[in-house]
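The values are calculated or read from the model by the stated rules, or taken from the named source; none is laboratory data. All values derive from a computational prediction rather than experimental measurement. Virtual Cβ from ideal backbone geometry, glycine too; neighbours counted across all protein chains shown.
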Amino acid sequence: MKNHTLFFCAMWLTLVSMVGCRKSPTPVTEPRLYDSCKPYTRWWWHSAEIDTNDVRDQLIWMKEHEFGGVEIAWIYPMYCAPDTPHPDFLSEEWAKPVNYAKHIADSLGLGCDFTFGTMWPFADVDLPDGDQTRNFFDSVEIARRPLVWDHPREARIINHLDKQVFERYAAKMNKGLEKAYEGSKSGLFVDSWEVETEYLYTPGFEQTFMAEHGYDILPYLRDTQLLDMRTHEVYDHEVFYDYMHTLSGYVLREFYQPFADNATRNGCFSRSQCGGAPTDLLTAFTLVDIPETEAILYEPCFSKIAASAATLGDKDAVTAETFTCAYGWTSLRYNNFRGHSPHQGKEQIADLRLICDALFANGTNQIIWHGMPFNHLGDTTNYFYTTCQVSMHPENNLTGQQLTDFNKYMTTVATYMRRGKNYTDMAVYMPLEDAWMGGAYPEEVHKQMAWLWGQYEMRFIQTPESEKGRQPMWINEYFLNRSKMDKGELKYNDVRFRSLYVDVEYMEMSALAAIVHLAEQGLPVYLGQLPKEPGKVKHTEEYNRLLTKLQSLPTVSKDPAALNLPKPLIEGNELPDFWVRQDGEDYFVFVANPMTQTIQYPLSYEYAFTDNGSERDITVNHHGREDNMHLVFAQNQSLMLHISKDGVEQIDLNYTAPHLPTK
């Protein structure tokens, strides 16, 4: 297999052409997406007959409470009651209130996005045979999706590894939403990947695998003693890596790129949570118009993947599904389909502020509430079981003036976090190969989140704490191979990095070759350890030659001090999480309350009120000067700094989260 390297590179270039080449940024000739920076909310439409008077009333209510727009999500009947009258999904009767909602939203200056289907992932009650998702052993059971708009009819999940299947599905959705696409530009949304990934398969997979890797995957798929994903133990990690590599290509070119292209063709934009997808997440996030993260079912640090993709892809907004299951999760099926999230209706805004501040400090700049059920004004009959419930009922906590004030606060922060562009001083090689070679998470992680098994999800990866003051961004093989050196800096499009941080156990040879090439041209590289080649087929002689060459270069060192890098923008001990936007010569820095670094799923009720306040000393290195600052964080308070050539000033965010009723 001596030609494997050249063949792999050729296949990768073919994949790139199929998922879409990156184009040079074009001038913005229309308003930015989510230009108001006001929070949106997911608007849960339970399957029923939708009254347009209620549509109008709720949109007016949301306008009055400082929302910027909605994302309509169509779900099962309340309590999953099978006899609930409702129009068929995508029928003309179904479309009337949808079109009306878009019209009223436009008239109010609100945005109106659409989940691209009923429930998630994409499913269809009339899906043709052969179009359903499947694993290697079973093509029926894992495709079942019983709880959809047309319940009790059962839908089947589409095959996300086949572009033609997606196009057939999209054609039906586009027809149903055709009139709703008119008016202002709407976002089409796909939620996190909630498709079975163990042994995920599509016809032709083995042939693609053979072409990419040069050996037969079928013996490993057939014999779970060789490749055991079902018990979350991978006996042959090298084969699992190659399986993930091929699967990733399918996900990129057969699903995310077609999804983005479909939105563009229909005058919309694409918004996606790529979390959970068995793919190269950084690349996937760059394929869509709006990368979306999630918290706290995902760690806030996961947001840096979406933010890095936005930086590399010159995307202005990074959205986040926010507050889902904040205090934990109760099954929908609990209490005869009457399960509620803990503390639903009595959520503490101070707790929720910790979550949104953690997101802001990890690169998010647009909040999407999760969420608001469709109801009559003042009614709480409908609810969604995992939501921190935005409510029109005066006895609920997420309503009235306290909700309005909180939305205004999030808008203020988001507005600052949309000024200019993301600042960064260092690229960090993303440990994708480590994740794919790693297989399953340790068992204790499975116990914490039963739906989580594979390290490919990369939920917990962190940029290096030692380099925090440089606001490092993730980079991968794709972008390294398309970057160049310019005036001593690594340049990709308009993004510049002064150095590259590499500390991974495994690295593809093409990435290693790219780093050698860049280091030869003067790129400072921190090399924390010598990587190994992943996958089953090795190129030992060439790989070792590249490693030897890399270590010999004067711009490469295991000692960061030897790289002679400029001082980071921000220095200090125990730095809080923060995010920096550069606007011309000025910087705007959101510094999250240190308490945000301690939040985890599920959040303890009233956790924010255990904060006793804290202080930090930092040094800001800017415009040829050093400014020392003493930061004081009052209870539940985060800070905003403005750095200019004249010094550093603190901007008053003018908001304190109240203590709300608990009963």
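Assorted remarks:
- Residues in the stretch 175-210 that are over 22 Å from the mean Cα position of the chain (by Cα), in contact (Cβ under 8 Å) with a residue 40 or more places away in the chain and under 27 Å from M458 (Cα atoms): Y199, Y201, T202, F205, T208.
- Looking across the stretch 135-153, the residues that are over 28 Å from the mean Cα position of the chain (by Cα) and over 30 Å from G204 (Cβ atoms) come down to D150, H151, P152, R153.
- L161 vs. criteria part of a strand (DSSP E or B), surrounded by 17 or more Cβ atoms within 10 Å (Cβ to Cβ) and of a type in the set (A, V, I, L, M): no
- Among all residues of the stretch 105-121, there is at least one that is in contact with a Lys or Arg (Cβ under 6 Å, 6 or more places away or on another chain) and surrounded by fewer than 18 Cβ atoms within 10 Å (Cβ to Cβ).
- Pairs are defined by a Cβ separation below 9 Å, a sequence spacing of at least 6 or placement on different chains, a first member in the stretch 392-415 that is of a type in the set (G, A, S), and a second member that is surrounded by fewer than 18 Cβ atoms within 10 Å (Cβ to Cβ); the pairs so defined are G400/P394.
- Filter result for D586 (outside the structural domain of A511 (by TED's automatic domain parsing), among the acidic types (D, E) and touching an Asp or Glu at 6+ places or on another chain (Cβ under 9 Å)): no
- Helices (runs of 4 or more DSSP H) lying entirely in the stretch 377-456 (those with 3 or more residues that are at pLDDT below 95 and surrounded by fewer than 21 Cβ atoms within 10 Å (Cβ to Cβ)): 443-448
- Test: A263 is touching a residue at least 60 places away in the same chain (Cβ under 8 Å), part of a helix (DSSP H, G or I) and buried (at least 24 other Cβ atoms within 10 Å of the Cβ): yes
- Filtered residues of the stretch 18-54 (kept if at pLDDT 95 or above and among the aliphatic types (A, V, I, L, M)): L33, A48, I50
- Residue list for the stretch 211-244, filter: touching a residue at least 12 places away in the same chain (Cβ under 8 Å), farther than 21 Å from A143 by Cα, assigned to a helix (DSSP H, G or I) and not hydroxyl-bearing (S, T, Y): A211, E212, H213, L218, H237, E238, V239, F240, D242
- Single residue of the stretch 63-83 satisfying the filter (surrounded by fewer than 20 Cβ atoms within 10 Å (Cβ to Cβ) and in contact with a helix residue (DSSP H, G or I) (Cβ under 7 Å, 6 or more places away or on another chain)) that is nearest to A155 (Cα to Cα): C80
This table checks each residue for (1) touching a strand residue (DSSP E or B) at 6+ places or on another chain (Cβ under 9 Å); (2) without any contact (Cβ under 8 Å) to a residue 24 or more places away in the chain.
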{"residue": "E92", "(1), (2)": "no, yes"}
{"residue": "K96", "(1), (2)": "no, no"}
{"residue": "I104", "(1), (2)": "yes, no"}
{"residue": "S107", "(1), (2)": "no, yes"}
{"residue": "L110", "(1), (2)": "yes, no"}
{"residue": "D113", "(1), (2)": "yes, no"}
{"residue": "W120", "(1), (2)": "yes, no"}
{"residue": "L127", "(1), (2)": "yes, no"}
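- Boolean, E182 is within 30 Å of F259 (Cα to Cα), in the same structural domain as G130 (by TED's automatic domain parsing) and either assigned to a loop (DSSP other than H, G, I, E, B) or among the aromatic types (F, W, Y) (or both): yes
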